[in-house]
Each structure stands twice: as C-alpha cells, then as structure tokens.
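Down below is the structure, laid out as structure tokens.
Where a number appears in this text, it was derived from the coordinates with a stated rule and is not lab data. Keep in mind that what you see is a predicted model, and the values were worked out from it rather than measured. Positions of Cβ are generated from backbone atoms using ideal geometry, with glycine treated the same way; all protein chains shown enter the neighbour counts.
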Amino acid sequence: MSVFARDSHDEAGRQQPYSRHSNGLEQFFGYIQGEHGLTLLDLSGASQASVGLITGLGHRLYSEDLLQTLDELFGRGDFYANQCDPERIERLLAQSLNLPEASCDGALVWDLLEYLASPLLQAVVDRLRRIVKPRAYLLAIFHGDERAERVPTYTYRICDARTLSLAPRGLRQPAQLFNNRAIEKLFQGFEAVKFFLTRDHLREVIVKR
Amino acid sequence: MPAPMPTPPPPRPAEPEAPRGVASIGKSVVIKGQIFSREDLYLDGEIEGTVEVPENRLTIGPHGKLQASIRAREVVVLGSVQGNVEAGERIDIRKESKLVGDIKTGRIIIEDGAYFKGSIDIVKPEAARPPVSSRPAVAEIAAAAPLAGVEPKP
C-alpha cells in the first residue's frame, strides 16, 4: 500500500497532486481575514495558486522553497550530519529567512521542520520567531505516524482559504518525527500552539508568536 | 514489394531564439553596465548591471544570466535572474527558469518547475507602470495643446 495519503497516478505512473481540506489553513486565513497589505512568508516555494490567492487578497508574499535550499546546502554527503555543521547553518541563515525582525505577519512553514536536525531546527525556529511579528501566526504540518522511517514530502499549494493542493515530491527520511509534547516543546518560546488532527495522518499546527 | 520508406530522423528541438524584429543580445555576449531600450529586447547572454525597457517587453532567454536590477513594462524569464524586478504590466516566470529577487508587478505568472525566491508585490498597473520617458510626454502635451485653444461652437 502506498504511504502517500492519496494514491492517484498519471499514465506514466507519476503521482498526481491531490486536494484536501485544511482546518489549519482555514484557521490561519481566519486570523488575517479583513486585513490588507500583510506580508506572508511561504516556505513551500512559489506556485501560481498560492501567489494568486495571497496577492489577490491584497497581501505581499515572500516565497522560498526552503526544502530545495536545504538540499543544495546540505545535500552532498550525509544530509543530517551536515546540518550539525555551524558554518553551514550560518550560511543557510545568511541566504534564507534573512528578513528584518518582525517583518512577517504570518508564516506558512508546512512540514519543513521535520527535515531539520537538532542544531539547525532550533536555529530555524529561533529565526522564525525573530522575523514574525508578535501575535502573528505560523502554520506547520507534522506527520502523525511517529514510527515511519520515510514520509512523503509535498509542495503545498493554496487553492483557496481552506483547501490545499499537495504535489508529491517523493519520500524522504525525516530528521525526527514529533508527538504533541515534542511540538509544544519546540514552540515553547511562542505564545500558544493549537493542533488539528486530519484524516490523512497529518497533524496541522497553528502557532501564535 | 517496394522497400519501406526510411523513416526520417525526428526533428531536433529548435533552440529558442529571439523573435524577428526584436533587439537581441546573443548567448556569447557578456555586458557589464546599463542597458536601456525603447524597443522589445531579448537577452540571452550574461548581463551585470541594470536593464531598463520601460515601455516594452524584455525576454530573458534560456541561456540568459542576469545579475541586474530590471525595470520593464513586461518581463518574460526563461533563464536565470538575480536581482529585483519591476514589471509594470506583468512578469512571466517560465518552467526551469530561476529568479532570486524581489518582484513588483501588476500581474505574475509562475509556471510549475520555475524556481523563485523573494517577495512579490502586486501593484496596480498605474502605480507599477514605469514613468513614461520625457519625450513622449512632451508629444502628448503638444498634441493636446491645439484642442485647448478650440472655441466651443455656438
């Protein structure tokens, strides 16, 4: 059985994007409803759907495919051992998430934190905390099966304020998988953490800065 | 029985090239400095500096490597750009292209497979449209002036 939450393929056997309702996304957009001219950070890379929706709501979008950047910086050799190298961590933070303090009104982090080894994970969470405004929200996603050796990765595209399209990017070994307690500990410097359980073994988390 | 006709080899995919009638800088050209164009421009070489095509379309070809700030009415990216882009009407980032920089534009199209890192500001076309150069502005005023002098018919 496929470990992907949905298993639709095209004629060539490639997995196809699928859409799903997202309570976390709905909540995220609910918090910024009625606002205009916000700066939102999307770490899943730019897609026409996400760009169109966010800019269509009158917001500014800062977009980066951080998983691709991680692969470029840490991909040669042992991906996770490389993430413990302080010099490489510095290099990542110099070229990514290098935004002014409190410049973002919200961040879409998706499942990225699962692919960060401990020293880098803490550095990225600290950086997110610095660049996101107080009382702004982050949306992160964690896999529900804490024993999985490899998990599906996706590019997350926002179809509308409550629907995501997930484009599969293959399977990947996570640095670590988080239970609720570990997630709360990860965001202990933030004001609040709210969980949404989903039917496809993903745990959506809204974090208030 | 007649011998079967030999199958012709499949045509090689044509290298994208500048459309006819468009100013073009080829893939072996390296420029450091400032480029200003009053006509559509196709850049397929290496450019470092600034590129301004305020009233026309700028196309960065698949071999194009720009480390430049760009200002144009319309921008199409097929190659690689590092620098901020201001596209008054629209920017079109095609698959397999790469753009690292901040974008200000009236409209954006991003194909799947394109790499983009930076911020996107959608601005109203009037606000995003680069200021029209002084010469056409003068022409507009000159054309309007005689009308101002026409007296209404009784």
Let a ≥ b ≥ c be the square roots of the eigenvalues of the Cα gyration tensor of the range A:4-208; is it rounded (a/c under 1.5), or, if not, prolate (a/b larger than b/c) or oblate? rounded
Averaged over its residues, how many other protein chain Cβ atoms are within 10 Å of peptide A:191-199's Cβ atoms? 0
How crowded by other chains is A:63-73, given as the mean number of beta carbons from other chains within 10 Å of each beta carbon? 2
List the residues whose amide H sits under 5 Å from the amide H of B:Ile103, counting only those 5 or more places along or on another chain, with H placed 1.01 Å from N in the peptide plane. B:Val85, B:Ser119, B:Ile120, B:Asp121
Cβ-derived FRET efficiency at R0 51 Å, A:Arg181 paired with B:Glu39, nearest 0.05: 0.20
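Taking the highest mean first, how do the peptides A:22-32, B:25-35 order by number of other beta carbon atoms within 10 angstrom per residue? Present the calculation step by step, with values, prior to reporting the outcome.
Working: A:22-32: 19.3, B:25-35: 13.3.
Ranking the peptides A:22-32, B:25-35 by packing returns A:22-32, B:25-35.
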Given axes a ≥ b ≥ c from the Cα gyration tensor, I'd like to know whether the range B:23-128 is rounded (a/c under 1.5), prolate (a/b larger than b/c) or oblate. oblate
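So which GluC sites (Glu not before Pro) in the range A:144-202 pass both tests, a DSSP loop state and at most 14 other Cβ atoms within 10 Å of the Cβ? Kindly include the intermediate steps, with their values, before the conclusion.
Values: sites: A:Glu146, A:Glu149, A:Glu184, A:Glu191; in loops: A:Glu146, A:Glu149, A:Glu191.
Here the GluC sites (Glu not before Pro) that fit, given the DSSP loop and packing criteria, are A:Glu146, A:Glu149, A:Glu191.
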Pairs of alpha-carbon atoms within less than 8 angstrom and 6+ residues apart define the contacts here; what relative contact order does the range B:23-128 have, in percent? 17
Identify all lysines with a Cα-Cα distance to B:Lys98 below 29 Å; exclude those on the same chain that are fewer than 8 residues away in sequence. B:Lys27, B:Lys32, B:Lys65, B:Lys117, B:Lys124
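Kindly provide the helix-only [θ] at 222 nm of chain A, computed as the sum of -39,500 (n - 2.57) over DSSP H runs of four or more divided by all residues, to the nearest 500 deg cm²/dmol? Walk me through the numbers before you get to the answer.
Numbers: 7 runs with 62 residues, N = 209.
Computed mean residue ellipticity for chain A: -8500 deg cm²/dmol.
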Placing each pseudo-label 7 Å from Cα in the direction of the beta carbon, B:Glu111 and B:Val22 end up separated by a distance in nanometres of 1.3
Based on alpha-carbon centroids, what's the gap between the range A:116-181 and the range B:38-91 in Å, whole number please? 35
Along the Cα→Cβ direction, 7 angstrom out, place labels at A:Gln122 and A:Phe195. What is the inter-label distance in nm? 2.4
What lysines does A:Lys194 reach when the alpha-carbon gap must be under 28 Å and sequence neighbours fewer than 8 apart in one chain are set aside? A:Lys133, A:Lys185, A:Lys208
Neighbour-limited loop hits for trypsin sites (Lys or Arg not before Pro), the range A:46-142 (at most 12 other Cβ within 10 Å; DSSP other than H, G, I, E, B): A:Arg76
Magnitude of the Cβ-charge dipole of chain A, K/R +1 and D/E -1, about the Cα centre, nearest 20 debye? 440
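Given Cα pairs under 8 Å that are at least 6 residues apart, what percent is the relative contact order of chain A?
Details: 373 pairs, mean separation 52.7, N = 209.
Answer for chain A is 25 percent.
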Ordered by residue, what ³J(HN,Hα) values in Hz, to whole numbers, does the range A:66-77 give under the Karplus form 6.51 cos²θ - 1.76 cosθ + 1.60, where θ = phi - 60° and Gly and Pro are x? 5, 5, 5, 4, 4, 4, 5, 8, 10, x, 7, x
